[in-house]
Amino acid sequence: MANVLMINASDRHEHGVSVKMYNQFVQSYKETHKQDTVEEVNLFEANLPYYGEKAIVALTKKAQQVDMTVEEEELVNTISYYRDQFSRADKLMIAFPLWNFTVPAPLITYLSYLAQAGFTFQYTENGPIGLAGDKEVVLLSARGGIYSEGTPMESAEMAMKLVRQTISLWGIVNPEEIVIEGHNAAPDQKERILEEGLTSVATAAGRF
């Protein structure tokens, strides 16, 4: 029995291709892994406070055991909640779109909550080492244009690259990646692209 954390980083509901991927993965996974415990998070619905000065100060005060304001305590509790949830997970799935060459802002915030020295990685004399490399991870991403390797827009893709690079710091270096792309660039092929892509998602969920 595994604990599985599934993250949806889009608020486009049935209109978003990454949401279709997320829903397909969740459905297929639950059908084929009935013994597992699945936790789902919609980052837009979670309305996470941005990670910035207030969060950094609050976490520093907690680490130094310094008195915090009520606002700081609430912020620390929010961050701790998502860290604890991540720690419980044996498997992690994140679904996200490519928006303006990168990921939606709530996913940046979520990753920032987790990307903390002493939690997901630690510094050593030989550089940082990851502390979460035992987790199985699948990344699902959708992009209406074509950004795959060898295409003219390859260098502009900063969604999958960002997430992949971030979790590599945590020791997660071989995530499974599934991308649906080109459905807006080639609307006459959209139905086929989506059908083939969602089939790949369902297959991945079954073996995850």
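What follows is calculated from the coordinates using simple rules that are stated; it is not laboratory data. Model, not experiment: these values are computed from the prediction. Reconstructed Cβ throughout: ideal geometry from the backbone, glycine too, with neighbour counts over all protein chains shown.
Values as computed for the structure displayed
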| quantity | calculated |
| --- | --- |
| Under 29 Å from LYS62, Cα to Cα: lysines that are on another chain or at least 8 residues apart | LYS54, LYS91, LYS135 |
| Reachable lysines, given that their alpha-carbon falls under 19 Å from the alpha-carbon of LYS20 and they are not under 8 places away in the same chain | LYS30, LYS190 |
| On Cα atoms only, tilt of 17-32 relative to the major axis of the chain in degrees | 80 |
| Packing-based ranking, highest mean first, of 124-134, 76-86 given that Cβ atoms within 10 Å are counted | 76-86, 124-134 |
| Given charges at beta-carbon only (K, R positive; D, E negative), |dipole| of segment 1-110 in Debye | 360 |
| GLU71 paired with GLU149, simple spin-label distance in nm, labels 7 Å along Cα-to-beta-carbon | 4.7 |
| Rounded FRET efficiency, nearest 0.05, which uses the C-beta distance separating ARG88 from LYS30 and R0 of 22 Å | 0.80 |
| Fewest-first ranking of TRP170, TRP99, using other Cβ atoms within 10 Å as the exposure measure | TRP99, TRP170 |
| Cα-centred dipole magnitude for segment 147-208, charges only on beta-carbon of K, R (+1) and D, E (-1), debye, nearest 20 | 240 |
| Under-5 Å amide H pairs with LEU92, H placed in peptide plane, nonlocal only | LEU5, GLU136, VAL137, VAL138 |
| Among THR32, PHE44, GLN189 the positive-end extreme of the charge dipole of the chain (Cβ point charges) | THR32 |
| Compactness of the chain as Cα Rg over 2.2 N^0.38 Å, two decimals | 1.07 |
| Sites ALA63 and ALA156 - FRET efficiency at Förster radius 22 Å, r taken between beta-carbons, to 0.05 | 0.05 |
| All-pairs Cα distance distribution in segment 40-82, expressed in whole percent, bin size 10 Å | 28, 52, 17, 3 |
